[in-house]
Ligand SMILES: Cc1ncc(C[n+]2csc(CCOP(=O)(O)OP(=O)(O)O)c2C)c(N)n1
Ligand code: SF4
């Protein structure tokens, strides 16, 4: 335990003058831990990493860690990340977003970043709700649940984030949970390693907002819910539709190679520079 | 990425339009990143940049909308590359939130707005000057802004260069206002030698990373700017932040932040305020104009002088910070001031706000999608002479 927190402490901004804003028991801390461990495994220097987030509880993450950190505006993290990656391709650019951030206000940027297959890693914390603003519906709030803005139940069907990323052309798409924290480290590490647009959808809990509205119990109960509802993708093939009902798959859902925007552009740049004016 | 390069080629005079001159000015200023989304009457800038920028080792990207374009240029600039986007009214509206982020994080960048009639889709192929106040106040919250206006092909080149220089020197976005007439009017342009141009680059930190205070409250108000990835790891946020870049709600720190981002512009007004005086010495009547309206105004002054009417022109290139000193001088000296604008009266309000004397201030407004004719301005001069 001590060893493990020691590792984390090497990456935290200890000189920051106030505590983090996450509620006790929030899943975001587990994601941050997994991200730090993944980066540590990769052996990158802190200078090489750029964390770019939007706005939301989850998007506060970069502020706490000693990398190049950018906390932008709601929904647009990927647009900044795109500029950074193209201007400084040597940086490993990791975009941190919430489900509302990435799928509602930022949905357009998300599908286009995937279509371009630009070399950015997108981590999306899916807690099924708008945490920061107090529990309003998000595009991932399940049909039939309740939120601060769906007091009579949510009548919109949710987006499937990972499936959307696959359909939009991302090179690498995985889904994990904060309950399966160890597995998450590996998924994030692989995502960063993979050239092209990589997405890790991370199922997490907001017991304070979503859990409260939907009687899901404490954060522990919600972690247990993740455990009982996640099916490793390798197993899913052998299960009946009935067994898969209300469940979600975890693991690597897509890993493939498409042209990568930054690499393709470099070819254009080289050709253009060689051409006679 | 490849090293940026400057092409050493002989550039003969050419017949080019304003949008092309903006693109050339940007390249000369060292712009090596352009993100944009097509929109009339600004599209040619993106098209030219898509062709030219990779030849100079830079990057062009067509984004999914103007919000994304704005995000991408701010990202690129934070990563150390001079960046620009170009748009028109509807796109400029979409950019306001991230423009605000650039003010808050003091990220240099240039945003070109080739004005057309509005609101809404308005008059896509017709000139207008109705985004002046939007340019000053578009992003919400307290911020100082630099807004420059161009009136000719020559201007488009040189003022674009200025825009980049100001943005780098003062760590701020700069808005460059053109309009459909300037954008598409062609003129013979002789590009100056690159060596003769003064190109300013942002000041980078020289202290070791552990000493670096990214938003230090310096006297000049412009802290050195570290580039993402160059070892000066720090936090960049659009939240009001302390000198270290961490969010704060402490009264003192909040005040310090706002005051510094205003001070850095205020202290340098003299350098930033660009204007031109034509026949002002003995003028009874003075025109104050900018953009394509200033071209008609200039012609009107020449016509007036031919018939011995004592008329002068104050042509404003810098609209904000509003050049109050030269305008005050004009107000003190002339009997009547006429402000022709292709809107319902925007800069004229700034002139009136100075309220220094009894001088009659006459707004002259066109909003029919057509530019001023010198003759109609002359007509107005005669009416009030
Ligand atoms: C343009 C804009 N609209 C709305 C908001 C208010 N807002 C802040 S965070 C947020 C939603 C956050 O939800 P999510 O992205 O799911 O992140 P979480 O807080 O759940 O981690 C909203 C709507 C904003 N900051 N900017
Ligand atoms: S509101 Fe929800 S998402 Fe936000 S910190 Fe609290 S538990 Fe986490």
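Quick look at the values:
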| item | result |
| --- | --- |
| Per-region count, region A:184-225, residues more than 16 Å from ligand 1 (Cβ to nearest atom) and under 20 Å from the mean Cα position of the chain (by Cα) | 17 |
| Scope region A:124-148; condition more than 14 Å from ligand 2 (Cβ to nearest atom) and in contact with a helix residue (DSSP H, G or I) (Cβ under 7 Å, 6 or more places away or on another chain); matching residues | A:139, A:146 |
| Strands (runs of 3 or more DSSP E) within region B:159-277 that include 2 or more residues in contact (Cβ under 8 Å) with a residue 12 or more places away in the chain, in the same structural domain as residue B:28 (by TED's automatic domain parsing) and surrounded by fewer than 14 Cβ atoms within 10 Å (Cβ to Cβ) | B:186-189 |
| Complete set of residues in region A:139-157 that are surrounded by 18 or more Cβ atoms within 10 Å (Cβ to Cβ), part of a loop (DSSP other than H, G, I, E, B) and either within 17 Å of the chain's Cα centre (by Cα) or within 12 Å of ligand 1 (Cβ to nearest atom) (or both) | A:139, A:140, A:141 |
| Helices (runs of 4 or more DSSP H) fully within region B:21-121 counting 2 or more residues that are modelled with pLDDT of 95 or more and more than 10 Å from chain A (Cβ to nearest Cβ) | B:43-52, B:89-105 |
| Matching strands (runs of 3 or more DSSP E) fully within region A:48-120 where at least 2 residues are surrounded by 24 or more Cβ atoms within 10 Å (Cβ to Cβ) and within 10 Å of another protein chain (Cβ to nearest Cβ) | A:49-53, A:68-71 |
| Extreme residue, farthest from residue A:22 (Cα to Cα), among residues of region A:215-229 that are within 13 Å of ligand 2 (Cβ to nearest atom) and part of a loop (DSSP other than H, G, I, E, B) | A:216 |
| Selection count where residues are within 21 Å of residue B:274 (Cα to Cα) and part of a strand (DSSP E or B), scope region B:312-351 | 13 |
| Test: residue A:55 is away from ligand 1 (no atom under 16 Å from the Cβ), under 29 Å from residue B:77 (Cα atoms) and touching a residue at least 12 places away in the same chain (Cβ under 8 Å) | no |
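Each row is one residue, and each column tells you yes or no for (1) away from ligand 1 (no atom under 16 Å from the Cβ); (2) in contact (Cβ under 8 Å) with a residue 40 or more places away in the chain.
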residue	(1), (2)
A:111	yes, yes
A:120	yes, yes
A:132	no, yes
A:137	no, no
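The values are calculated or read from the model by the stated rules, or taken from the named source; none is laboratory data. The model shown is predicted, which means the values in this text are computed figures rather than measured ones. Positions of Cβ are backbone-derived with ideal geometry, glycine not excepted, and every protein chain shown enters the neighbour counts.
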